[in-house]
Amino acid sequence: MVWLGMALALGACGSDDPPEQDAGVSDAGPDGGGGDGGTPDGGAPDGGDGGTSDGGSDGGTGAARESGDGVSREATTVAGISVDRYAWMDSEGRERTVSLKRQSPGSNGGYAVQMTYQVRAGTQWRTVTLDGTGGGESGFGYFVAHELYRSFDNGTSGTIAALHGEDDSPLGLGFPVEEVRPALSASDTVVTHTVTLRYPKWGTRVAMSDVTATTQAAASAHQKFMVPVSIRWVFEKGMDFPRIDTRLDLSEATAGQVSFDVRGPYGPMEFADADPNATLNNVQWGDSLNHFSTGVAAAGALTTQANWTWNEPLAASRKYNVLLARHSSTGVLYELGLVELKLGTDAGLVYGGYSLNNGSTKAATGNALNSGGFSEGEWPFQSAQYSGLGTTPVTGKKVAWGSSPFYGSTFTTVYFNDTTSRPIVAYPANRSLVYRTCLVVGVSPYTDASRKSLTRLTAESQTPRCSSQQSL
């Protein structure tokens with residue numbers, strides 16, 4: 001159990017060492033432990049369409065518009081980027097949009113570069129914009145997966161990909177995608193957008209019954225798999241939040257040849273009404289065991305010294321991850337979060353690696369965030385820990401999903417701390433790994449008196465305002 005716990009911790013924090021591979025964009029962070037891969041606001045998106053962020057203006061004239069009943073799709077541009085802009089009427093009868101970057105000969109697509117929604121401002125309504133047009137690692141909704149960190153028989157440790165001079169967790173926006181846009185009829189109330197890509201995962205030629213055991217270091221013992229990944233965005237009339245389905249086809253490998261986590265949907269967005277100077281305020285998540293929450297005041301800023309609790313049982317809540325940020329001039333709190341939404345016979349994923357902090361509090365442990373006692377890799381989801389979080393306020397806004405690092409293995413149980421384990425279906429019998437998340441955006445209801453985020457409230461709701469149609 002101790003060794004398995006160590007392996008979980010290593011898999012969570014060390015599986016994205018930075019050597020870059022042919023995808024050209026890495027998920028490696030400044031500490032070598034996974035993260036930003038650069039400043040979110042600099043440069044043109046993945047070397048392609050270019051353009052300067054305009055804080056959310058359309059930057060072009062629409063064309064090829066298709067309309068259904070309360071949903072539509074339009075080919076247009078945002079900050080010089082060619083997009084498919086999806087619009088739908090939400091639960092308030094107000095328009096929301098998501099603009100998905102199109103695949104082009106010069107750059108890859110399939111992820112959101114802008115989103116909008118409307119909120120009440122007294123007796124009027126105002127539009128809030130989420131902007132993801134700036135930076136090589138920008139936008140939201142692409143796929144990332146980290147390879148398990150291993151011990152090798154030559155006395156070294158690391159990832160198999162790194163032994164071959166490649167990145168174990170390249171950003172999905174570095175790969176070309178194929179896009180499917182089903183035609184809209186006048187009566188349709190749901191519209192979808194599906195992208196597919198092939199994502200590299202290194203493993204062993206011979207399946208291992210225990211992927212945490214010593215792995216052969218010889219290059220001849222390894223194999224590179226190209227895993228088909230499908231991502232479907234679903235927008236539905238009357239719903240506030242789009243759903244993002246992800247499916248991995250594991251049929252190229254047998255159980256025990258690979259071991260990895262999943263971190264998509266993934267990406268940094270300026271979600272505080274496109275304000276790049278908005279500072280992070282709070283982090284909340286619900287993993288496979290407990291709720292986690294920092295305790296920063298609504299008017300405050302998140303730092304490594306924030307109080308935190310990670311010992312409230314998850315109970316019937318769905319799993320979730322959310323980041324809050326405070327606008328630099330208005331002081332309004334905004335959030336961007338993800339909530340698991342299981343449909344039909346979905347098993348869902350197991351969320352979290354090994355951490356002795358899971359089930360405890362800062363008051364009990366004395367451990368500061370991003371410290372030797374509470375490392376970045378112990379966070380089950382990628383969030384503020386890789387946004388430059390320190391003792392002063394920061395503005396990096398990366399949000400991502402997450403999972404145990406043992407998918408693809410033969411394991412049936414994983415440990416989260418020294419006393420608690422959960423079952424895992426690490427290699428489904430049908431060789432298809434499927435999970436779904438709702439993308440929650442909005443003005444946060446978080447206050448000093450009531451500290452639940454919109455994302456947590458959505459996770460706890462019996463009727464979340466998220467599409468349940470057209471599953472991948």
* To do: Sort the stretch 239-291 into rounded, prolate or oblate with this rule: let a ≥ b ≥ c be the square roots of the eigenvalues of the Cα gyration tensor; rounded if a/c is under 1.5, and if a/c is not under 1.5, prolate when a/b is larger than b/c, oblate otherwise.
  => prolate
* **3J(HN,Hα) from dihedral phi, the stretch 189-194, Karplus parametrisation 6.51/-1.76/1.60, rounded to Hz, x for glycine, proline** => 10, 10, 9, 10, 9, 10
* Which one of Leu433, Gly402, Ser471 is farthest out on the positive end of the charge dipole of the stretch 362-472, using unit charges on Cβ (Lys, Arg +1; Asp, Glu -1) and the Cα centre as origin? -> Ser471
* Theoretical gain in end-to-end length, Thr304 to Asp210 [0.36 nm per residue, Cα-Cα removed] -> 30.3 nm
* Determine the distance separating the Cα centre of the stretch 389-452 from the Cα centre of the stretch 195-259; give it in Å without decimals. => 17 Å
* Asked: Taking square-rooted eigenvalues a ≥ b ≥ c of the alpha carbon gyration tensor, is the stretch 325-432 rounded, prolate or oblate, where a/c under 1.5 means rounded and, failing that, a/b exceeding b/c means prolate?
  -> oblate
* To do: First select every other residue whose beta carbon is under 15 angstrom from the beta carbon of Arg431; then total the charges, Lys and Arg +1, Asp and Glu -1.
  => 0
* Structure fact -> Env charge @ Lys237, Cβ radius under 10 Å, K,R +1 / D,E -1, value -4
* Cut-off 14 Å between beta-carbons: net charge of the residues surrounding Val283, Lys and Arg +1, Asp and Glu -1 -> +3
* Structure fact -> The helix 2-13 Cα axis meets the longest alpha-carbon principal axis of the chain at an angle in degrees, between 0 and 90 and rounded to 10, of 40 degrees
* Asked: Which links in Lys319/Lys398; Lys237/Lys342; Lys342/Lys362 stretch past 28 Å when you go from one Cα to the other?
  -> Lys342/Lys362
* Can you give me the Cα centroid spacing of the stretch 330-374 and the stretch 70-103 in angstrom? -> 31 Å
* Using the Cα centre as the reference, give the magnitude of the dipole from point charges on the C-beta atoms of the stretch 123-217 (Lys, Arg: +1; Asp, Glu: -1; all else neutral), rounded to the nearest 20 debye. => 140 debye
* Asked: Taking the mean number of other Cβ atoms within 10 Å as a proxy for protection, how do you rank 79-88, 449-458, 203-212 from highest to lowest?
  -> 79-88, 449-458, 203-212
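Readers should treat all values here as calculations from the given coordinates under stated rules, not as data from a laboratory. Note that the coordinates shown come from a computational prediction; the quantities given were computed from them, not determined experimentally. Please note: Cβ atoms are built from the backbone with ideal geometry, for glycine as well, and neighbour counts cover all protein chains shown.
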